[in-house]
Protein chains: 2
Amino acid sequence: MLVERPGIRIERIVSTGQTTPECQWYYQDTDEWVLVVKGAARLRIEGEEEERKLGEGDWIMIPAHCRHRVAWTDEERPTVWLAIHWRELRH
Amino acid sequence: MLVERPGIRIERIVSTGQTTPECQWYYQDTDEWVLVVKGAARLRIEGEEEERKLGEGDWIMIPAHCRHRVAWTDEERPTVWLAIHWRELRH
């Protein structure tokens, strides 16, 4: 955990081949923005035909309540993620 | 600009030797979290004796209303920043 404040959480995550277990999905009530800082990964977004391929510097915005799973991460070298979760301000 | 939503802004910034002009400071009413993705930089935080040296993967949290300036960035190669600004949720 890099930063945790009211309304926001910034995390650094390192994967080395880990994936989300089959048939499991992440489901969150916060918006999420994820950057692959190093390495490579594939994400599956519920309802999308194709997996999203992410290389270094690629990012994806995952809205709250959008089910997603990590389909693949590189087993040869660490994949470093930066994940930012936040709650939208309601005015 | 990578993402802009109510309460949050995520920016990718590339510097090649740029600094904040002498005697000028950034002053913001949002909290900021900054990561040096590539390259190197030095930041000056108002009231601190020493400049903060930031290399690849280093980050700094700059609270709202904390004056700061970019004292130096590498002139030889691009410095890539990821800057996240957000407003704290008040409950």
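Values quoted throughout were computed directly from the atomic coordinates according to the rules given, and no laboratory measurement underlies them. All values derive from a computational prediction rather than experimental measurement. Quick reminder, even Gly has a Cβ in these numbers, built from the backbone with ideal geometry, and neighbours come from all protein chains shown.
Which percent of Cα pairs goes in each bin when the distances of the range A:1-41 are cut into 10 angstrom slices starting at zero? Answer for the range A:1-41: a P(r) of 20, 50, 29, 1 percent. Once both labels are positioned 7 Å from their Cα atoms along Cα-to-Cβ, the gap between B:A83 and B:I13 label points is 0.2 nm. For chain A, calculate the relative contact order in percent as a whole number, restricting contacts to Cα pairs under 8 Å that are 6 or more residues apart. Relative contact order, chain A: 43 percent. Put simply, the amide H of B:L2, placed in the peptide plane, has neighbours under 5 Å in B:I10, B:E11, B:R12, leaving out anything fewer than 5 places away on its chain. Charged side chains reduced to their Cβ positions (Lys and Arg at +1, Asp and Glu at -1) give the protein assembly as shown a dipole of some 280 debye around its Cα centre. Here B:C23, A:C66 are placed in order of increasing Cβ neighbour count within 10 Å, fewest first, which gives B:C23, A:C66. For the range A:9-14, 3J(HN,Hα) computed residue by residue from phi via the Karplus equation (6.51, -1.76, 1.60; θ = phi - 60°) reads 9, 10, 10, 10, 10, 10 Hz, glycine and proline entered as x. With no solvent and one equal point scatterer placed on each C-alpha of the protein assembly as shown, evaluate the Debye formula and give log10 I(q)/I(0) for q = 0.09, 0.11, 0.12 Å⁻¹, two decimals. Taken in order of the listed q values, log10 I(q)/I(0) reads -0.36, -0.53, -0.63. The phi-based Karplus calculation (6.51 cos²θ - 1.76 cosθ + 1.60; θ = phi - 60°) puts the 3J(HN,Hα) values of the range B:53-61 at 8, 10, x, 4, x, 7, 9, 9, 9 Hz, whole numbers, x for Gly and Pro.
Once backbone amide H atoms are built at 1.01 Å from N, A:T30 has A:H65 as its partners under 5 Å, excluding neighbours fewer than 5 places away on the same chain. Taking Cα centre as origin and charging only the Cβ of basic (Lys, Arg, +1) and acidic (Asp, Glu, -1) residues, the dipole magnitude of the range A:35-91 rounds to 300 debye.
Listed by chain and number, the aspartates and glutamates whose C-alpha is less than 19 Å from the C-alpha of A:K53, apart from same-chain residues fewer than 8 away, are A:E22, A:E32, A:D74, A:E75, A:E76. Extension gain, A:E46-A:D29: 0.36 nm per intervening residue step, less the Cα-Cα distance, totals 4.6 nm.
For A:E88, the label point sits 7 Å beyond Cα toward Cβ; its separations from the matching points on the remaining copies run 2.4 nm, from shortest to longest. Dimensions of the range A:24-91 along the principal axes, based on C-alpha atoms and rounded to the nearest Å, stand at 45, 24, 17, largest first.
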